[in-house]
1. For a quick check of your reading of the model, give me the residue pairs whose first member lies in region 246-257 and is over 13 Å from residue 191 (Cβ atoms), whose second is loosely packed, with under 14 Cβ neighbours inside 10 Å, with beta-carbon atoms closer than 6 Å and at least 6 apart or on different chains.
2. Among the numbered criteria (1) modelled with pLDDT under 95; (2) touching a helix residue (DSSP H, G or I) at 6+ places or on another chain (Cβ under 7 Å); (3) closer than 21 Å to residue 222 by Cβ, which single criterion is violated by residue 131?
3. Does any residue of region 149-172 turn out to be more than 27 Å from residue 26 (Cα to Cα) and part of a strand (DSSP E or B)?
4. Going through region 182-194 one residue at a time, which ones are in contact with a helix residue (DSSP H, G or I) (Cβ under 7 Å, 6 or more places away or on another chain) and closer than 30 Å to residue 28 by Cα?
5. May I ask you to verify whether residue 85 is in contact with a helix residue (DSSP H, G or I) (Cβ under 9 Å, 6 or more places away or on another chain) and assigned to a strand (DSSP E or B)?
6. Collect the residues in region 1-56 that are at pLDDT 95 or above, in a helix (DSSP H, G or I) and farther than 16 Å from residue 154 by Cβ, keeping them in residue-number order.
7. Being in contact with a strand residue (DSSP E or B) (Cβ under 8 Å, 6 or more places away or on another chain) and under 14 Å from residue 247 (Cα atoms) is the filter here; which residues of region 198-223 pass it?
8. Between 104, 90, 59, which is without any contact (Cβ under 8 Å) to a residue 24 or more places away in the chain, surrounded by fewer than 18 Cβ atoms within 10 Å (Cβ to Cβ) and either part of a helix (DSSP H, G or I) or in the same structural domain as residue 157 (by TED's automatic domain parsing) (or both)?
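The values are calculated or read from the model by the stated rules, or taken from the named source; none is laboratory data. Here the structure is a predicted model, which is why all the values come from computation and not from measurement. Here the Cβ positions follow ideal geometry from the backbone for every residue, glycine too, while neighbour counts run over all protein chains shown.
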């Protein structure tokens, strides 16, 4: 995606901005026109609840949407509504579209993908709730597993929280979904430090011990992802504290800082 533009903020005064709401409505329209539905997921929800409960003033720039299917059709419908497809990649052999959504202060970044559930869950036509839990178990940290159904107001009463992510946000804890997280996606070990810094949290003990154990796996992570996370860590006002945390987690020895 073209990085030369400023990107529109998604949260204003502890609510979704008007432009974010407009594009979420267009995503919902596109999904319904394609015969599916979906959920807002990811950093925008995590940051929203961190602002509410922990006094942070975060303003995420990305919309992450997970659909129950028909992602190719939904992306095509989004183009009809003014979105621009920047890139297409795969997430566990399923397509993910990175989009630029025109807005007054520069485009809003968005990703549209598919809920990743156990194949048997799809074959047996399990409920959406079962698919959501399957997907959450493939996530990195509980604070990133919150979901908001498209069309619902951003409010705690509408949030789907399969793994207790809101409690962990309130407790300022970064907790892994599974130790296997760091084998599947070793870059998550650095992301734990970045997210902890972002929401003024600490990495809980079992997660920290797992990162120490799997630290050598960081050498298998995509370098571009490592570089992006390191850049954000170094630009933080808590840079020295973050570097020390990387050292305590046995990661610093494998990184070029």
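1. Close Cβ pairs satisfying both conditions: 250/212; 254/219.
2. That leaves (3) as the condition not met.
3. No: zero hits.
4. Taking region 182-194 and keeping what is in contact with a helix residue (DSSP H, G or I) (Cβ under 7 Å, 6 or more places away or on another chain), we get 182-183, 186-194.
Of everything in region 182-194, those that are in contact with a helix residue (DSSP H, G or I) (Cβ under 7 Å, 6 or more places away or on another chain) and closer than 30 Å to residue 28 by Cα turn out to be 188, 191.
5. Spelling it out, residue 85 is indeed in contact with a helix residue (DSSP H, G or I) (Cβ under 9 Å, 6 or more places away or on another chain) and assigned to a strand (DSSP E or B).
6. 26, 29, 30, 31, 32, 33
7. 203, 211
8. 90
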